[in-house]
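Notes to accompany the following structure.
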Amino acid sequence: MKNNNKTLNLLNWIENTGNKLPHPVTIFAVFTLAVVVLSHILYVLDVSVTYNGVNNETMEREMVTVEAISLLVPEGIAYMFTSVVGNFTTFVALGPVLVAMLGVGIAEKSGYISAFMTNTVTRAPSKLVTPIVVLMGVLSNAAASVGYVVLVPLGAIIFLGFRRHPLAGLAAAFAGVSGGYSANLVLGTNDPLLSGISTEAAGLIDPGYTVLATDNWFFMLASTFIIVILGTLITDKLVEPRLGNYDKEIEASEGGGITTLERKGLMWANISALAVISGVALLVLIPGAPLQGEDGSIINSPFIDSIIFIMMLIFLVPGVVYGIATKAIENDKDVAELMTDSLSTMSGFIVLIFFAAQFVAFFNYTNLGTIIAVNGASILEALNLGGVPVLVSLIFITALINLFMAADSAKWAIMAPVFVPMFMQLGIAPEVTQVAYRIGDSSTNIISPLMPFFPLIVAFAQRYGKENGIGTVVSLMLPYSVIFIIVWSVFFVIWYMFGIPTGPGASLNY
């Protein structure tokens with residue numbers, strides 16, 4: 001397959017530029033230092049803003065005036081030294097992600113998730129292979145990064161088993177896993193992470209505002225069908241015809257199925273998962289059940305408040321049952337070790353959150369986010385762009401930034417304190433701003449050489465041709481990226497204009 005020279009030149013420039021960027025931890029450290037210096041400059045200049053916000057004491061909307069607070073005066077220096085530990089341990093995103101990973105990690109480490117996806121995809125009818133591969137890619141997002149490691153190479157193997165080009169299967173799976181990263185039928189570990197950051201950012205304008213992990217669920221559920229349909233059409237009509245026939249003889253059965261013991265374990269694990277879901281349903285739906293809200297409400301209820309723990313159980317129980325059935329788990333020590341292993345993979349995330357938490361806390365303390373948001377909203381109001389244009393602009397701004405900074409949580413931790421309050425001043429709810437961000441972030445994951453798993457995808461592609469490199473993968477994925485961001489944005493605009501909530505109880509307007 002010949003690569004377009006212009007595309008390769010662009011990729012080389014993006015890769016070289018991106019490689020010059022420091023580690024995200026360093027970026028947050030530098031940004032935090034910048035907040036310290038800038039806060040003092042604005043404090044000396046006596047900068048302040050007045051806006052229609054929420055009074056912290058009365059919790060009622062009124063005209064509020066805030067001034068820049070310096071971190072280099074005695075009170076500010078004392079705050080920096082005394083708040084570091086609290087900033088980290090109380091950061092909204094930290095607890096939910098770690099709790100969810102206790103369950104997801106067990107399900108992944110025991111082999112349950114891998115067996116479930118392998119069994120589902122390999123049993124698909126030939127005409128449904130492409131949509132099933134894309135769909136399983138999207139669903140794998142609930143288990144963090146497992147889709148990259150398991151489903152992408154499996155997609156190539158499945159296509160080869162059906163005498164189709166393996167790179168087309170790889171592309172279909174990668175499009176679902178990474179291009180559809182923000183779509184899913186269920187909540188994933190990314191939902192509490194992003195909603196936690198959004199809550200922190202919304203607090204700049206409204207301290208009592210909370211963005212729940214479920215607040216994008218309706219839109220992301222509907223987006224799953226959009227991504228599956230688009231991914232199927234692009235694979236079957238554009239990508240695979242361009243690849244042509246694959247004539248090389250390669251063993252197609254490698255990893256293409258599961259053993260009898262694994263199948264037995266999968267059966268009992270799935271039964272246990274249904275039992276957990278049924279048990280939770282009884283605690284929610286029976287009149288007077290403990291997880292119901294007032295007057296039988298589900299939206300504002302203990303069920304919604306405990307969704308992270310419930311998600312942990314849905315992964316934890318079948319993961320343990322599968323491990324016992326397949327002898328991957330022999331005693332309680334094995335369970336504890338698998339949990340420990342799963343959290344050890346989050347060490348990089350924990351370090352990043354430590355520095356991100358300081359940046360967000362200092363940003364909030366100094367009122368810089370509020371000052372930027374109010375002034376930015378004033379500029380946007382003067383331009384008379386309206387809600388839809390600014391939201392679409394955010395989608396494409398995020399997509400561009402994603403080419404240089406692929407860590408979605410790191411990007412949102414930087415962008416949310418600016419865009420969430422700014423858009424709140426324009427009457428746009430934080431939940432909606434978060435959706436716009438997620439569309440842009442997902443759409444260019446698959447063409448970003450800086451995405452952490454991109455080198456792994458290139459390595460998978462080289463199994464089917466040593467000449468396959470970065471240009472090969474990007475040329476495969478470029479049609480998905482372009483079509484995803486265009487169609488997904490149009491779908492989002494239609495959704496927004498029809499006033500459909502993005503999640504249960506979520507609002508479109510602030």
### Task
Averaging sequence separations of C-alpha pairs under 8 Å and six or more residues apart, then dividing by the length of the stretch 176-247, give the relative contact order as a whole percent.
40
### Within-14-Å neighbourhood charge of residue 102 [Cβ basis; K, R +1; D, E -1]
-2
### Query
Quick one: if the Förster radius is 41 Å, what FRET efficiency do residue 260 and residue 41 give, using the C-beta to C-beta distance and rounding to 0.05?
0.05
## Note on the structure
Which of (1) 21.2; (2) 25.9; (3) 51.9 gives mean projected area of the Cα convex hull in nm² as computed here? It is (2)
### Query
For the stretch 30-36, in order, what is each residue's ³J(HN,Hα) by Karplus, 6.51 cos²θ - 1.76 cosθ + 1.60 with θ = phi - 60°, in whole Hz (x at glycine and Pro)?
5, 4, 5, 4, 4, 4, 4
### Task
Please report, as a whole percent, how much of the solvent-accessible surface of the chain comes from carbon and sulfur atoms (probe radius 1.4 Å).
65
### Query
When Lys and Arg each count +1 and Asp and Glu each count -1, what net charge do the other residues less than 11 Å away from residue 344, Cβ to Cβ, add up to?
-1
### Task
Just the number, please: Stokes-Einstein D of the stretch 101-181 in µm²/s, Kirkwood Rh from C-alpha pairs, 25 °C, 0.890 mPa s.
201
### Task
Write down Rg/Rh for the stretch 286-377, rounded to two decimals, with Rg from the C-alpha atoms and Rh from the Kirkwood relation over Cα pairs.
1.19
### Query
Which pairs, out of 237/264; 264/411; 109/411; 237/466, put more than 31 Å between their alpha-carbon atoms?
237/264; 264/411
### Query
Rg (Å, one decimal) plus Dmax (Å, integer) for the alpha carbons of the stretch 433-493?
13.4, 43
### Task
Using the heavy atoms of the protein chains and a 1.4 angstrom probe, tell me the accessible area per residue for the chain in square angstrom.
43
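The values are calculated or read from the model by the stated rules, or taken from the named source; none is laboratory data. Values in this document were obtained by computation on a predicted structure and should not be read as measured data. Quick reminder, even Gly has a Cβ in these numbers, built from the backbone with ideal geometry, and neighbours come from all protein chains shown. Quick note on the areas: whole protein, heavy atoms, side chains included, nothing else; ligands and nucleic acids left out. Shrake-Rupley method; radii C 1.70, N 1.55, O 1.52, S 1.80 Å.
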